[in-house]
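Asker: Before I ask anything, let me first share the structure, which is written out below as structure tokens.
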Amino acid sequence: MPVEFKDYYKTLGVERTASHDEIRKAFRTLARQYHPDVAKDKKRSEEKFKEINEAYEVLGDAEKRKKYDDLGADWKQGAYRGPMPGGDRAHEWRGGPESENFQFGGTGFSDFFEQFFSGARGRQADFGEPETEKGQDVEGVIMVTLEEATHGAVRPISVRRNTLCADCRGTGVKGRRPCPACGGSGQTTVTQNYKVKIPAGVRDGQRLRVSGQGEPGSGGGPPGDLYLRVRLAGHPDFRVEGGDLYYDLDLAPWEGALGTSVSVPALNGALSIKIPPGTQNGQRLRVKGRGLPGRAGEQGDLFVVARVQMPKEISEREKTLWQQLAAVSSFNPRG
Ligand SMILES: [Zn+2]
């Protein structure tokens with residue numbers, strides 16, 4: 001099955017020349033609209049969010065973006081020579097059956113993405129060998145929202161995979177002829193649905209093991225395992241580093257100077273924090289224990305990062321006031 005080219009720039013609504021900052025802004029705006037933790041109409045927003053997240057995953061990362069840009073031209077000419085895994089893909093990932101209390105079906109990434117960015121997969125077992133051998137492990141990617149990482153979730157996924165042909169028991173031969181059910185390959189394709197438990201406290205990059213769902217074994221050997229590598233979905237408000245969350249809080253200059261109280265988003269509902277007088281641009285305020293939970297009971301923190309913004313345009317009256325301030329103030333940033 002041909003894999004459709006994805007125009008990630010179009011998905012985020014940015015120019016190909018867009019800066020990292022512009023890309024990040026575009027993602028945040030769209031994610032605020034479609035993130036399943038935030039959006040009102042979850043069903044409609046889910047697909048859209050997956051696309052946005054995937055696009056940002058690539059364009060928001062300098063290395064992946066370069067790879068994608070390099071590849072784009074080739075792709076359009078129909079002469080793609082990139083790191084396509086050899087032969088047909090043994091596994092295809094699809095959104096799981098819908099159920100009421102799950103927000104995010106499937107692994108959350110398109111075939112296009114997986115072919116380029118999710119690395120090596122298990123190879124098919126060699127059915128020619130007579131020895132008993134365990135099947136190859138198979139690896140995929142699963143996108144997890146911060147909400148799911150916080151509370152844990154059970155996610156139905158469906159995986160199309162090769163399995164031993166039941167008619168010929170994987171020999172590829174029926175009587176003296178090639179087995180008609182599998183065309184002599186000894187394998188057939190089945191779509192299997194299972195539920196993957198996402199434990200609370202999962203971290204980006206962690207692998208979830210689904211026992212016995214890899215490639216079939218040979219010579220009566222047990223099947224391999226399926227490993228799903230967790231990718232935390234981008235969030236409109238937070239950046240994640242380990243178990244800590246970072247939130248950029250824009251402040252007016254006088255808010256930084258005088259201090260203020262503001263409401264900031266957090267995973268379990270907004271919280272009110274005090275900005276002390278004299279808060280500097282880039283200064284981090286730590287809110288203990290409001291990050292992601294960890295497996296051993298340790299809890300990450302939320303860091304609110306002050307971003308003091310200058311007004312781009314000011315009125316005549318404001319100008320007069322700034323001038324008065326400049327005349328009175330003893331502050332010298334270069335002193
Ligand atoms: Zn067969």
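The values are calculated or read from the model by the stated rules, or taken from the named source; none is laboratory data. Note that the structure is predicted; figures quoted are calculated from it, not measured. So basically every Cβ, Gly included, is an ideal-geometry build from the backbone, and we count neighbours across all protein chains shown. The accessibility values were calculated without ligands, DNA or RNA, using every heavy atom of the protein model including side chains. Shrake-Rupley method; radii C 1.70, N 1.55, O 1.52, S 1.80 Å.
Asker: Subtracting the Cα-Cα distance from 0.36 nm times the residue separation, let me have the gained length for H151 to R239 in nm, one decimal.
Answerer: Net length gain for the segment: 29.9 nm.
Asker: Heavy-atom accessible area of H235 with all protein chains present, probe 1.4 Å, nearest 10 Å²?
Answerer: My reading of the accessible area for H235 is about 20 Å².
Asker: Another question about this same structure. Starting from the amide H of I275, placed 1.01 Å from N in the peptide plane, find each other amide H under 5 Å away whose residue is 5 or more places distant or on another chain.
Answerer: For I275, the qualifying residues are T260, S261, V262.
Asker: Where the centre of each part is set by its Cα atoms, how far does region 221-243 sit from region 151-181, in angstrom?
Answerer: The two parts, judged by their Cα centres, are 27 Å apart.
Asker: Starting with the highest mean, order 294-301, 249-256, 137-144 by the number of other Cβ atoms within 10 Å, averaged over the residues of each peptide.
Answerer: In descending order of packing, they fall as 137-144, 249-256, 294-301.
Asker: Could you work out how much longer the chain between A327 and T189 gets when fully extended? Use 0.36 nm per residue separation minus the Cα distance between them, nm to one decimal.
Answerer: Roughly 41.9 nm would be gained on extension.
Asker: With r defined as the distance between the Cβ atoms of R176 and K67 and R0 fixed at 45 Å, what FRET efficiency is calculated, to the nearest 0.05?
Answerer: Computed FRET efficiency for R176 and K67 comes out at 0.35.
Asker: Within 10 Å, count the other beta carbons around each residue, average over each peptide in 195-205, 209-219, and list them highest first.
Answerer: 209-219, 195-205
Asker: How much length is gained on full extension from K25 to A296, taking 0.36 nm per residue of separation minus their Cα-Cα distance? Each step should come with its number before you reach the end.
Answerer: Numbers: separation 271, 0.36 × 271 = 97.56 nm, distance 3.46 nm.
Length gained, K25 through A296: 94.1 nm.
Asker: Follow-up question, since we're still on this one. Distance in nm between label sites at K134 and T163, each 7 Å beyond Cα in the beta-carbon direction?
Answerer: 2.1 nm
Asker: Under a crude label model (7 Å from the Cα following the beta-carbon direction), how far is V262 from R44 in nanometres?
Answerer: For the pair V262/R44, the computed spacing is 3.1 nm.
Asker: Same structure again: Taking every DSSP beta bridge with both residues inside region 238-315, roughly what % is antiparallel (nearest 5)?
Answerer: Among the beta bridges of region 238-315, antiparallel pairing accounts for roughly 65 percent.
Asker: Mean separation of Cα pairs under 8 Å and 6+ residues apart, divided by the residue count of region 205-334: what relative contact order is that in percent?
Answerer: Reported as a whole number, the value is 20 percent.
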